[in-house]
Amino acid sequence: MNKFIFVSGGVCSSLGKGVAASSIGALLEGRGLNVRMVKCDPYINVDAGTMSPYQHGEVYVTDDGAETDLDLGNYARFTRGRLTEANSVTTGQVYEAVIRKEREGRFLGRCVQVIPHITDEIKSRILAVAKEDPDTDVVIVEIGGTVGDIESIPFLEAARQMIHECGRADAISVHLTLIPEVAGGELKTKPTQHSVKAMQEMGIQPDVLICRSPVMLDEATRRKIALFTNVDPDAVFTSYNIDTTIYEIPIVFFDQKLDQVVLRKMGVESRHADIRPWYAMMERFAARKGKVRIGIVGKYMELHDAYKSVYEALFHAGLECAVEVELVKIDSSRLEEAENVDTILGRSATGSLSSIDGVLVPGGFGQRGINGMVKAAAWARTNKVPYFGICLGMQIMVIDWGRNVLGWNDADSTEFNQDSKHPVVSLLEDQVDVKNYGGTMRLGASQSVAEPGTHILAAYGEKNIKERHRHRYEFSNQYRKEMIESGLKIAAFTPDNSLVECIEWPDHPWGLGVQFHPEFKSKPTAAAPLFREFIAAAKAAQSSESKQ
Ligand code: GLN
């Protein structure tokens, strides 16, 4: 069985289309279906890898090393289906492929056009995901952007053709819109009516509407929307504002029977629904007691999406450690300028607002704010505050150790200072001559082996670890001996021992850095082990301090 659900959005962006699509996926999985998710991105970049986090939020990395849109991270957190390069389709990829075929003469002299050539390429990519696994039941295709955007037109046109070719039962349209509230608390349906008209002009009649609204829409409003849009009244749903967590959305939809309506539209017999894992997760959410404050020291602090998977993984870890994780976002440039780091990070009195129970330095690129991160690492190391360094955050630990323990004042990464006499982090030979920025880093899943007696081994409970990478620079092996002799613990290597994958501070409750990105595999129902142990350490440090 191959069914397709096209999820589009109208009125404005940031309505939570990715979460809505993922929640539908989660509910269909709860009904025993095999679901695969696809994101269509209208931008002309070939992938998200070359875009600034300020432009686009985080780059989500798959096992096979694709640098994709952060919505794939949502899919990974809500659903189980495999995600690879194939699940992310961009305008850039589509045009690149079509132009390559044209240059190879594969269009036999025909004029190459958006319809049918670009739309055929889009359709063939969606169909390829459907065919990849013989047991795939449903492919949910999220179309980026908002209906009416110039860039989304070829994707919506491809969706229209597929709905027409497959027949309505095998391909349906789910459209997400906004019901704004105007002064006086009145809810307005007009933008939704216009948005559905824009879909109809594209030749697509939505089968299901999901309306973002501050509150649950009443029956009369849903009937009014249905009347104006040709959508069945029982297929108009509300995604109302919730003050718990986005992971409650599958339950919000389930309670309105959204999954039943979707299955009915696709002609699939309604099976027994099991959404117990989502209820269990909400129970854990409600059972959290107390709070740990985690200082995130990075450079893209204004934009929540820039470290999306890291923040989500911290939240998941809080669920498992039964504690709320409060994110304290600290711009590393502020630390760089600060005379006394304690005024920003300091633990003045337990529980006071300036106290921080753990420091996390996430991944990043470029020189700005680096010295602030080094200060944060030195502070956590000397004050014995739990520290978690991810990718750049591990490289920062190495720089701090070089500068402040070994006394090499100019210790640095060659990413930031090519003239350092102590390049403690540097490029691998095979990266030195790389000129192209797109897709040329060390990317995707690879194996690390944890050493005995380390925190990383305790966290995973298994010495063979497989996590995803996205970086160019590495711990410099020329300093391995001096680092180890001065006490730094090398806690994991690549299987051939050639690259350092994890380091830990000695005589410290929990100070650990990894060269890979464990945040990408964390789920609300199963937190990534290192995040779980980091939050457990922060919680333990807090309670031991309050006993003093
Ligand atoms: N800029 C560093 C490198 O390329 C770290 C990358 C990262 O944190 N993802 O190695």
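The values are calculated or read from the model by the stated rules, or taken from the named source; none is laboratory data. Just so it is clear, the structure is predicted and the values come from calculations on it, not from any experiment. Neighbour counts run over all protein chains shown; Cβ positions are idealised from the backbone, glycine included.
Conditions (1) under 29 Å from the mean Cα position of the chain (by Cα); (2) of a type outside the set (Asp, Glu), marked per residue:
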position: Ile150; (1), (2): yes, yes
position: Ala158; (1), (2): yes, yes
position: Glu165; (1), (2): no, no
position: Arg168; (1), (2): no, yes
position: His175; (1), (2): yes, yes
position: Leu178; (1), (2): yes, yes
position: Glu186; (1), (2): no, no
position: Gln200; (1), (2): no, yes
position: Gly203; (1), (2): no, yes
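Quick one: which of Val46, Val94 is in contact (Cβ under 8 Å) with a residue 12 or more places away in the chain and either within 26 Å of Ile204 (Cα to Cα) or not in a loop (DSSP other than H, G, I, E, B) (or both)?
Values: Val46 fails: either within 26 Å of Ile204 (Cα to Cα) or not in a loop (DSSP other than H, G, I, E, B) (or both).
Val94 is the lone residue from the list that is in contact (Cβ under 8 Å) with a residue 12 or more places away in the chain and either within 26 Å of Ile204 (Cα to Cα) or not in a loop (DSSP other than H, G, I, E, B) (or both).
Residues Ile490, Ile484, Ile535, Ile465: which one is away from the ligand (no atom under 16 Å from the Cβ), buried (at least 24 other Cβ atoms within 10 Å of the Cβ) and either in a helix (DSSP H, G or I) or free of Cβ contacts under 8 Å to residues at least 40 places away in the same chain (or both)? Break it down stepwise before answering.
Numbers: Ile490 fails: buried (at least 24 other Cβ atoms within 10 Å of the Cβ); Ile484 fails: buried (at least 24 other Cβ atoms within 10 Å of the Cβ); Ile465 fails: buried (at least 24 other Cβ atoms within 10 Å of the Cβ).
Checking each option against the conditions leaves just Ile535.
Considering segment 226-251 alone, what residues qualify as being surrounded by fewer than 19 Cβ atoms within 10 Å (Cβ to Cβ), touching a strand residue (DSSP E or B) at 6+ places or on another chain (Cβ under 7 Å) and part of a helix (DSSP H, G or I)?
Ala226
Could you list all residues from segment 323-348 that are surrounded by 15 or more Cβ atoms within 10 Å (Cβ to Cβ) and closer than 18 Å to Arg288 by Cβ?
The answer is Val323, Glu324, Val325, Leu327, Val328.
Do we have any residue at all in segment 502-523 that's buried (at least 16 other Cβ atoms within 10 Å of the Cβ), part of a helix (DSSP H, G or I), of a type in the set (Lys, Arg) and more than 16 Å from the ligand (Cβ to nearest atom)?
Within segment 502-523 (the criterion being buried (at least 16 other Cβ atoms within 10 Å of the Cβ), part of a helix (DSSP H, G or I), of a type in the set (Lys, Arg) and more than 16 Å from the ligand (Cβ to nearest atom)), the answer is no, since none of the residues qualifies.
Looking only at residues that are assigned to a helix (DSSP H, G or I) and more than 11 Å from the ligand (Cβ to nearest atom) in segment 354-372, which one is surrounded by the fewest Cβ atoms within 10 Å (Cβ to Cβ)? Don't jump to the end; show me each part of the working.
To start, the set of residues in segment 354-372 that are assigned to a helix (DSSP H, G or I) comprises 370-372.
Subsequent filtering for residues that are more than 11 Å from the ligand (Cβ to nearest atom) retains 371-372.
Working: Asn371: 19, Gly372: 25.
Among those that are assigned to a helix (DSSP H, G or I) and more than 11 Å from the ligand (Cβ to nearest atom), it is Asn371.
Condition check: among the acidic types (Asp, Glu) and at pLDDT below 95. Does Asp496 satisfy that? Walk me through how you get there before you give the answer.
Working: among the acidic types (Asp, Glu): yes; at pLDDT below 95: yes.
The answer is yes for Asp496.
Taking segment 376-416, which residues are in a helix (DSSP H, G or I), surrounded by fewer than 24 Cβ atoms within 10 Å (Cβ to Cβ), touching a Gly at 6+ places or on another chain (Cβ under 9 Å) and at pLDDT 95 or above?
First, the residues of segment 376-416 that are in a helix (DSSP H, G or I): 376-382, 392-405.
Next, from what is left, pick out any that are surrounded by fewer than 24 Cβ atoms within 10 Å (Cβ to Cβ): 378-379, 381-382, 403-405.
Cutting the leftovers down to touching a Gly at 6+ places or on another chain (Cβ under 9 Å) gives us 379, 381, 405.
Of everything in segment 376-416, those that are in a helix (DSSP H, G or I), surrounded by fewer than 24 Cβ atoms within 10 Å (Cβ to Cβ), touching a Gly at 6+ places or on another chain (Cβ under 9 Å) and at pLDDT 95 or above turn out to be Arg381, Val405.
Among the residues of segment 25-41, what is the count of those that are part of a helix (DSSP H, G or I) and more than 18 Å from the chain's Cα centre (by Cα)? Step through it out loud before you land on a result.
Keep residues of segment 25-41 that are part of a helix (DSSP H, G or I), which gives 25-30.
This time we only want the ones that are more than 18 Å from the chain's Cα centre (by Cα), so: 27-30.
The number of residues fulfilling the criteria is 4.
If only one of Ile172, Ile210 is touching a residue at least 12 places away in the same chain (Cβ under 8 Å) and under 17 Å from Gly16 (Cβ atoms), which one is it?
Among Ile172, Ile210, only Ile210 is touching a residue at least 12 places away in the same chain (Cβ under 8 Å) and under 17 Å from Gly16 (Cβ atoms).
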